[in-house]
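Below is one structure, written out as structure tokens, with a few remarks after it.
The values are calculated or read from the model by the stated rules, or taken from the named source; none is laboratory data. From a predicted model like this one, the values you see are computed outputs, not experimental measurements. Positions of Cβ are generated from backbone atoms using ideal geometry, with glycine treated the same way; all protein chains shown enter the neighbour counts. The area values use the complete protein model at the heavy-atom level, side chains included, leaving out ligands, DNA and RNA. Shrake-Rupley method; radii C 1.70, N 1.55, O 1.52, S 1.80 Å.
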Amino acid sequence: MLGGQYDITPEDRIALRESLGLNDPLPVQFAKWVWNVAHLDFGNSFYYQRPVMSLILERVPNSLQISLAALIVTIAVGIPLGILAALRRGTLADHGIRVFSVGGHAIPQFWLGLMFVLTFGVQARWFPIGSMNAVGIDCGLCWDRLWHLMGPVAVISIAGIANLPRLLRTEVLEVISQDYVRTARSKGLKEQAIIAGHVLRNALIPVVTSFGTILLVFFSGSLIIERVFNWPGLGRLTFEAAVNKDYPLVQAGVVISSVLLIVSYILRDVAYAWVDPRIKVR
Amino acid sequence: MATDAVTATVATLRQREARRASAGLWRDALWRLRRDPTTLIALTVIGVMVILALAAPLLGDGFFHKTERDQDILSNYTKPTFAQPWLWLGTDELGRSQIVRLLFGARVSLFIGSFGALTALVIGLGMGVTAGYFRGRWDDIVVWLVTTLNSVPLLYLLLIIGVLFRLEPLPFAVLLGGLGWLGIANYARGQTISLREREYVLAGRTVGCTPVRLMVRHIVPNILPLMIVLGMIEVGQLILTESAISFIGFGIQPPTPSWGNMLTNASQYLGKAPYLIYPPGVAVFVTVLCLYLIGDGLRDALDPRLRAGSESRPEGRDGGDRRGQGLAGGTASQGLVHGRAGGPHGRG
């Protein structure tokens, strides 16, 4: 079983099978697993010999750092770009944003990450080639951490930034021709006030829905981006567990990331009601 | 004189317009496609790529004189050079010709993308149309399945499957298709729900058409054009997913080259052989980009709502259908899924 170099007696095997619960019929094993998961107990990792839950809890904050930062960057860059594309329709800026959108969708994220590491890490040496901290520094959210965050966040945000302006552009163009925008104009409001108060507020409603997709991209993307940038997050933990055939850890990784995804969907729906108060009435 | 010329031009344009109006959907689409340089270029690029991929063994034997597995340790880490055809893209750590491997990788990627998308299309269309047509319990099951599968991060799920099984190209393609039909099903369902209330479907029912006939002959032809567009985009998405899964080592396994696992290899020699990293990534990027552009172009050519020109666009087919316009782009099929919030959902 272990290459023959450890003398394993039949008794040991029986004991091991018993301790891993492999003697139960499959449905019983599954029921036990589900029961334990409901109690947040994913068992012990084969590889680390520690409770899976504590391993994961150590990593979740690291992953959230990337996802949250990427979300902020996506919103901060994507929304102005979308408004710009709509207001300057047909100009160079609009076309440029469209080309960027299509391109950003088509480019493989991990390849973009590799290119970032190669160009700015290995060759130019502007950014670290991986990990969360410089050796010997662990200061939480300080400059060093931000510096390490930039690569993965830039790469993950590209996907979101490719998605957002395109959606927002369609919406802004639709809202801008509405009667209430004309009314706002005719009562002499400043253009910025119209855009911020009347157009954007309404155009954002469908865009909030698209955050579900963007979050999905972030979660799936983190698995690979964390590997490319050697970021000790949930994705890399799950990936390494998969390489080590550490089944309890892989199962837990999938369950936890799904739960995080569902929670973010719920948050999206809450945000939806917040942006569009009419939802509550319905 | 100038006015005459203008009148003449307007007359020809009118004529052309009239001829087009009388043409059928597919002929009209062809007419539009022929006048869309971007899509034509994209189609050409994909066409050339498919031919090169199909001819990879012939080219390997007859032109490059290398197969994708031939190693030549003495000339490993050769930088790209025009000295000999097989060195055009350099060699890796085992002295394997990168250009030959790239061509063989194209076979894998294009096969998985197209076959997977076909699977997704068949499942999605079948599930979506039947769910939308029959409604009731079956509809609930389909919607539940789509929502559930949608809240599992795809790559994590594929990771589990990759741990348990060694994936050959064919099962891998079927698997990817079997997980990628959600957007297509949702769209087909939404369209069917609105189409089944149309007069011609009602007429068909009154003369005694079976549900199968109604679905196959009257509903599916109406949603097929946009399904083809979604299918094109799906091919691109599946190629991206395949390369990502192969990159982390759980897709196509190393002796067989794929664009993803070539990049795994390249990422280990970033310092020594940085040139290895460009070709497979560019190949994925160009292929997927062209597929998206074709999808975009086909949508413009096939969408009847855009036919009459942008101003006189008929009203949306039903409430919330507007969201369906965001077809293009990578996460489009998922965008459609999430676009349901204001859409034709629920029975009330």
*Note down the magnitude of the dipole of chain A about its Cα centre, charges +1 on Lys and Arg C-beta and -1 on Asp and Glu C-beta and zero elsewhere, to the nearest 20 debye.*
1440 debye
_Given the -39500 (n - 2.57) contribution per DSSP H run of 4+ residues, what per-residue ellipticity at 222 nm results for chain A, rounded to the nearest 500 deg cm²/dmol?_
-23500 deg cm²/dmol
*Cβ neighbours within 10 Å from other chains - mean over A:195-207*: 1
*Would you mind getting the accessible area per residue of segment B:100-206, heavy atoms of the protein chains only, 1.4 Å probe, in Å²?*
39 Å²
*Mind checking the mean number of beta-carbon atoms from other chains within 10 Å of the Cβ atoms in A:94-107?*
4
*Dipole of segment A:64-233 [Lys/Arg +1, Asp/Glu -1 at C-beta], most positive-end residue of A:Phe229, A:Ser101, A:Leu84*: A:Leu84
*asked:* Can you tell me, using C-alpha contacts under 8 Å and at least 6 residues apart, the relative contact order of chain A as a whole percent?
replied: 24 percent
*Between chains B and A, what is the buried accessible area summed over both chains (1.4 Å probe, protein heavy atoms, nearest 100 Å²)?*
4000 Å²
_Whole-percent carbon and sulfur share, accessible surface of segment A:56-115, 1.4 Å_ = 75 percent
_Taking a ≥ b ≥ c as the square roots of the Cα gyration tensor eigenvalues, with a/c under 1.5 meaning rounded and otherwise prolate when a/b beats b/c, else oblate, which class fits chain A?_
prolate
*Which of these, A:Arg59, A:Arg125, A:Arg13, has the largest mean-square fluctuation under a Gaussian network model of chain A (Cα springs below 10 Å)?*
A:Arg13
*State whether segment A:69-119 is rounded, prolate or oblate according to the following rule on the C-alpha gyration tensor (a ≥ b ≥ c being the square roots of its eigenvalues): a/c under 1.5 gives rounded; otherwise a/b larger than b/c gives prolate, and the remaining case gives oblate.*
oblate
*Check: segment A:32-116 dipole with +1 on Lys, Arg Cβ and -1 on Asp, Glu Cβ, in debye*: 140 debye
*State, to one decimal in nm, how far the label point of A:Thr119 lies from the label point of A:Trp33, with both points 7 Å from Cα in the Cβ direction.*
4.3 nm
*Output the peptides B:264-275, B:153-164 sorted from most to least packed, where packing is the average of other Cβ atoms within 10 Å over each peptide's residues.*
B:153-164, B:264-275
*asked:* Just to be sure I understand the interface: list residues from segment B:117-157 that lose 40 Å² or more of accessible area between the chain on its own and the complete protein assembly, 1.4 Å probe.
replied: B:Ser151, B:Pro153, B:Leu155, B:Tyr156
*So what's the gap between the Cα centers of segment B:128-151 and segment B:181-197, to the nearest angstrom?*
10 Å
*lysines near B:Lys79 by alpha-carbon distance under 19 Å, same-chain residues fewer than 8 away left out - which ones?*
B:Lys66, B:Lys272
_Over segment A:64-233, with the other protein chains present, what is the accessible area per residue in square angstrom, probe 1.4 angstrom?_
43 Å²
